[in-house]
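The values are calculated or read from the model by the stated rules, or taken from the named source; none is laboratory data. Here the structure is a predicted model, which is why all the values come from computation and not from measurement. Don't worry about glycine lacking a Cβ; one is built from the backbone with ideal geometry, like all the others, and counts go over all protein chains shown. All accessible areas refer to the heavy atoms of the entire protein, side chains included, with ligands and DNA or RNA removed. Shrake-Rupley method; radii C 1.70, N 1.55, O 1.52, S 1.80 Å.
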Amino acid sequence: MAVLLVEDDEFKAADITKVIVEFCESTIIRRAMSVTTALRAVSETQFSLVVLDMSLPTFELSGPGGGGSPQSQGGLEVLRLAKRLSAAQGAFVLITQYPDIELEGRDVPLAASLRIIKSKFELDVRDCILYEFDTDAWRQPLRSVLSSVSEKWGGL
Amino acid sequence: MSNNKKPSSEANIRNSLRPFFRAKKKKPYWKQLQAIRVETPLIDYSVIYGIVESSPNYPFAGLGNTYPSDCKEVPNGKLHGLKPLALNRELALQVGRLNYHAEKLSFALNSLGEIVRDLCDSNYSSAETKILEHKSKYGNSLAILKKEMFLGLNEGGLRGLSKRFSKLSSEAEGRVWSVMCKVAYDMLDPAYPPDSALRSWYLFARSRPDTSDWYTRLLKDEVIDYSERDTDIASACLRYGSLSLIDLALQLWKKKAVYPTEERIQNIFSRLDERVMNALSSNFTNAKLPIPKAYITGEGGVSDIDLYRVSYCFSEVREVAQWRVRLTSFLTGFMPHQSILGDDKIYASFKDAAEAIAAEPRGHSEILKSLDEANETIASSKSEIIRRPYLESGVIAASLRQMPTVGVEDGAALVNLLAKYDNIHTYITQEVLDSLLALNVSEGNPLLSFMLREMIYRKSRTADNEMERRLAFMQLFNGRSDKRVSSYLRETCSDNADLFEFLTKVCSRSFLERLFMLMTSVKDVLEEQLHIAEWKLEIYPTERPEIIEEIGSLKRELENLEARSDLDSTRVHVDEEGLREWFSNTHSGNVTRYIQTVLAEGPNYEPVPMLLANSNKERGHGEDEDFSNDAKIGSEFLLVSIMAATLKAFAADRSFGLDAYLSRRIRHGTLSGLVITPIARVLKRMTEAVNTSAPLSEGEDESINHFAVEWRKYLTAELDHIRREVIQIKGSEHPEGLIRASWETAGNIQHLDAMIVRLRNRVIETGGRIDIFSEIYAYCWDCIEPDLAQLRLYLARGFAPRAMTHLQGLYADLAESQSKLAYDFVRELGEVLNSRIHDVVGWFIRPVFRRDEYSLKVLVTSTLSIVRELDDNYSFAESVSIDGDPVLNRGGFDVFGDVLFVLIGNAAKHGKRDGNITIKAEPYEGLKKFISLTVKSEVDNSQELERALARIDAVRQADTSMIDQAAVGEGFSGVRKLIGLLNKIKSGHVSLYYIPSPDDLTIEFKVILPTEILSSRGAA
């Protein structure tokens, strides 16, 4: 099974990849660094887990002309599309550096946003995790998500 | 013995009103009048009038107004608390009033009838004289107000209308009367579509609380001539009665015209005094309406939109009321009532036409042509109606409402219909669009499905609707090998100009950018935009200049694509393109109205200074409610409303506004990362060093570990507070937010008044061919600038000293054995903190005020002033020399801005007090578009010079990954970040030098940079 890692920040992506690989070395990790790539990936492939950042550029920064407009709600765009796709979706986890997520025009603290996101998008969103580059507090919740998803899919 | 005899109605009425009988002291009386209205039996109504109406002993004219001489009391606010009775009782009570006053009322109605005839016969001066006589005898009324406004328009077009408005409303400023004047002004304004005016006032009325019914009912009935429920009709009778007897009589007459099968209304006329009945039927049955010159465009004829405007002033005439209601009903769909217009043949023909189009949309042109007769019933023979956009839109809207039931099958015809009437979503509800979308025909026709999705999005711009329209658009490319949007448009629209218009309007940059299955890069988007523009040029050769300009600009962008860099600039930012797109989608009509109003006002018009006009009056309640802000006219007020809405979007929009940028870049990791990371590193080094060399002695409980934990905890909490509460748009959710984004401050209002005058002049000079967005955009930055200064000061003068005090406090508590060893680290902590805060302060500098160009000279001056503002002890002699006046583009501005802030900031920070700071800019080796910028400063002594050079060398030798992380790294006050920034600019000439001079004790930084840098903002 495969994991889609939607993350444009190299350092954060490396940190997250490390946790996933530590959990299961054979996991196939596909990387998307922009909203466009992530939306394409989700519409073309089914992943057992999608790890989502919130704020993303529209296009890959390395592409001709750069990243285009930044999308502060890029992660939610992916969830919005996933909800619309008729094929069954895997699990999702949001890992963001924002302590709040803007939902319906209001900043909602991460802890409270999980319930709202699950209900709005009707998807298997497992957690909304606060990533801090200089602490390890985010690692354990991510491991828990990996573990529960692995149980569901019989391995990642 | 008690007397059980029930008191008579007369006695009850007299008793109720006893406190008011010849009372010297004025007090509210609506409660007593309502008691009389409610408690008097229907059979005794006639008793009421003899006591209440026109008695000089009471402080009121009657149960409502009669012939009010003071327009401030039209409507009578002292009656605001009255509640309508059941329809039968209200009708009977009001007709009884009319009968009681029948003799004079019939004269008044005849007098008004003569005025109507004069106006319809274009005898304007006679009408003017008669209006004066009429008012002196019968006072003010809404009916006469509308005639006066019409005369104003006839006399001098929009300017005449405006003058008449000022004259009529000035006597009742802040009262409902002035709002009535404004409604009439809006309905007649040649530059304002009357259906927009109608919707705007209808929504205004609906937004007010139920307690405002005493005037909102008037507004609703005025604009749509219709009251939906029995209680609304009863309320309309009551409220028009509080205007004047004339208005009450005409309102009942109008209700009779538009509710021909409503027996309660029809029957009441059998009880109406014959004199009043005759006056109504002889004067207000039919009329042929004249079209004022102001409405006649260069093409010669007039449209039914103009007739609709005029009809507002004559809506008491039976045929006019019916004509108007027919059209309003079809345009708005607000009137589902079965009894409306009954078996009216024209109404029925409209309905038949709508049904026929619903069943067979392909035949819509022929069906609409067959409705030719309808307009001619009220237009004067001199006015040839050559266009009927309202009739057509109304009938098409009605047909769309029926299609879900009829089950339309011809998808291609529906596509053409929607493309031809691309504004039709304005006239139908989202439910109708949803129902159309659910039809089989839509499911089988991707283009139709997309167009409906697009219309749903235009009605409600939510993220979900936006996603749906994009998915629907991408669906058009399923099965196509050629995925280029431009190719699709060429194939689909080559013989359909309406469809071409519809689709090209949708294909803006932000829309194309998000077509994730079709576009893979910015280059794809630009190329598609270019192809579409080139094709547009083939189709619309007459609009050449604008399209050629667009093509040129797109080509330049594509040529420079290779040099385009995602400069990771943190400087405060608003997506100007996104705001411009929003502006054009939501304000194009308002801008047109503004420009036409300025042109009509002419060069000699003197706008009201906003400093005077903006009184900030609070809206009160009941009769004390203040309506000053709802009843202002003039181009300056139109501009202010456009500007206010734009400023709100500029600041608070979550996709392109300042708030989006703050969310994306400032409020999350960037802020805390930039400050905490280098501090955490110093803390780590410090704890390791101190714990190793000086472990705690017994009895010492304040360890270096505690210091490190507390300091970090403090900073994290402070920064979290700043992020959550301070760097926010001020509002109820964020009362401590420092970004007020308000234009209502004395300073900003002065800027606003200047902009009003400047724009007026430019509109007049260019004959209206100007783009006002750039001015408004620049003004938005003007409004934000003081807020940014507050943020800078908060960080530099509030947060920084507070944090330093806390740091010193923690240091003072350290165990003595560790204190000495920690000293250098604590000093470093202070330096790093100040340096980081200095960097953060640099984020809050206004970026641009022109779309494409910015003067380097101005940028240097403003950077110097910001550095001065942030440094209490700033005392340098400045020498600035700029060769020529180099112009920067937006990317160039960002980069030069960051460079100057860092270099001048460092010069001030490390330089010799009272020394010199020299800034020089000149073309680099004769290259026009490259600038050599030098910032030179003095240092105190050779030791200071050596220290500075050591720091700079350390930065220079940092590896690439450290430079990439400059935003979260540590270093020489931003120089490392600067190096990172310059590394991303793809040009061989770009370079940064530093030249120390031990003899002069100076350091000179020299940067070579291009003036034009293409940049896009990367996400954090």
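Summary table
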{"quantity": "Subset of region A:19-35 (residues that are open to solvent by 10 Å² or more (accessible area, probe 1.4 Å) and in contact with a Leu (Cβ under 9 Å, 6 or more places away or on another chain))", "calculated": "A:Phe23, A:Cys24, A:Ser26, A:Thr27, A:Ile28, A:Ile29, A:Arg30, A:Arg31, A:Met33"}
{"quantity": "Pairs, first more than 21 Å from B:Pro193 (Cβ to Cβ) in region B:418-444, second acidic (Asp, Glu), C-beta under 6 Å, six or more apart", "calculated": "B:Val441/B:Glu409"}
{"quantity": "Residue count, region B:123-140 (criterion: in a loop (DSSP other than H, G, I, E, B), farther than 18 Å from B:Thr66 by Cβ and open to solvent by less than 60 Å² (accessible area, probe 1.4 Å))", "calculated": "0"}
{"quantity": "Members of region B:930-949 that are touching a residue at least 60 places away in the same chain (Cβ under 8 Å) and surrounded by 17 or more Cβ atoms within 10 Å (Cβ to Cβ)", "calculated": "B:Phe930, B:Ile931, B:Ser932, B:Leu933, B:Thr934, B:Val935, B:Lys936, B:Ser937, B:Glu938, B:Val939"}
{"quantity": "Which numbered condition A:Glu25 misses (of (1) within 14 Å of the chain's Cα centre (by Cα); (2) among the charged types (D, E, K, R); (3) not in a helix (DSSP H, G or I))", "calculated": "(1)"}
{"quantity": "Identity of the residue in region A:86-116, touching a helix residue (DSSP H, G or I) at 6+ places or on another chain (Cβ under 7 Å) and not in a strand (DSSP E or B), that ends up farthest from the other protein chains (Cβ to nearest Cβ)", "calculated": "A:Gln89"}
{"quantity": "Flag if B:Glu468 is of a type outside the set (A, V, I, L, M), modelled with pLDDT of 95 or more and under 27 Å from B:Ala197 (Cα atoms)", "calculated": "no"}
{"quantity": "Hits in region B:389-421 - residues which are part of a loop (DSSP other than H, G, I, E, B) and crowded, with 18+ Cβ neighbours inside 10 Å", "calculated": "B:Val408, B:Tyr421"}
{"quantity": "The one condition in (1) modelled with pLDDT of 95 or more; (2) open to solvent by 10 Å² or more (accessible area, probe 1.4 Å); (3) assigned to a loop (DSSP other than H, G, I, E, B) that B:Arg275 fails to fulfil", "calculated": "(3)"}
{"quantity": "Single residue of region B:474-498 satisfying the filter (open to solvent by 70 Å² or more (accessible area, probe 1.4 Å) and outside any helix (DSSP H, G or I)) that is nearest to B:Arg453 (Cα to Cα)", "calculated": "B:Asn478"}
{"quantity": "When residues of region B:732-768 are limited to those that are surrounded by fewer than 16 Cβ atoms within 10 Å (Cβ to Cβ) and at positive phi, the one nearest to the other protein chains (Cβ to nearest Cβ)", "calculated": "B:Gly768"}
{"quantity": "Filter pass, A:Ser69 being open to solvent by 10 Å² or more (accessible area, probe 1.4 Å), over 18 Å from B:Asp464 (Cα atoms) and more than 7 Å from chain B (Cβ to nearest Cβ)", "calculated": "no"}
{"quantity": "A:Arg115 being under 20 Å from A:Val3 (Cβ atoms), of a type in the set (D, E, K, R), surrounded by fewer than 15 Cβ atoms within 10 Å (Cβ to Cβ) and at pLDDT 90 or above", "calculated": "no"}
{"quantity": "Leading residue by the ranking (farthest from the other protein chains (Cβ to nearest Cβ)) among those in region B:499-537 that are open to solvent by less than 20 Å² (accessible area, probe 1.4 Å) and outside any helix (DSSP H, G or I)", "calculated": "B:Cys507"}
{"quantity": "Meets criteria (part of a helix (DSSP H, G or I) and modelled with pLDDT of 85 or more) for B:Ala651", "calculated": "yes"}
{"quantity": "Criterion (over 31 Å from the mean Cα position of the chain (by Cα) and buried (at least 20 other Cβ atoms within 10 Å of the Cβ)) met by exactly one of B:Arg836, B:Arg827, B:Arg797", "calculated": "B:Arg836"}
{"quantity": "Unique residue being of a type in the set (Ser, Thr, Tyr) and in contact with an Asp or Glu (Cβ under 6 Å, 6 or more places away or on another chain) when the list is B:Ser54, B:Ser141", "calculated": "B:Ser141"}
{"quantity": "Sole exception among (1) buried (at least 22 other Cβ atoms within 10 Å of the Cβ); (2) in contact (Cβ under 8 Å) with a residue 60 or more places away in the chain for B:Tyr100, by number", "calculated": "(2)"}
{"quantity": "Leading residue by the ranking (least open to solvent (accessible area, probe 1.4 Å)) among those in region A:118-156 that are within 13 Å of chain B (Cβ to nearest Cβ) and farther than 22 Å from A:Glu10 by Cα", "calculated": "A:Phe121"}
{"quantity": "Residue that is farthest from the other protein chains (Cβ to nearest Cβ) [pool: residues in region A:36-66 that are closer than 17 Å to A:Arg80 by Cα and open to solvent by 20 Å² or more (accessible area, probe 1.4 Å)]", "calculated": "A:Gln46"}
{"quantity": "Residues of region B:45-72 that turn out to be without any contact (Cβ under 8 Å) to a residue 24 or more places away in the chain and buried (at least 17 other Cβ atoms within 10 Å of the Cβ), as a count", "calculated": "1"}
{"quantity": "Flag if B:Tyr215 is hydroxyl-bearing (Ser, Thr, Tyr), under 22 Å from B:Leu341 (Cβ atoms) and within 41 Å of the chain's Cα centre (by Cα)", "calculated": "no"}
{"quantity": "Residue that is nearest to A:Glu10 (Cα to Cα) [pool: residues in region A:73-85 that are more than 10 Å from chain B (Cβ to nearest Cβ) and small (Gly, Ala, Ser)]", "calculated": "A:Gly75"}
{"quantity": "Sole exception among (1) surrounded by fewer than 22 Cβ atoms within 10 Å (Cβ to Cβ); (2) under 35 Å from the mean Cα position of the chain (by Cα) for B:Glu816, by number", "calculated": "(2)"}
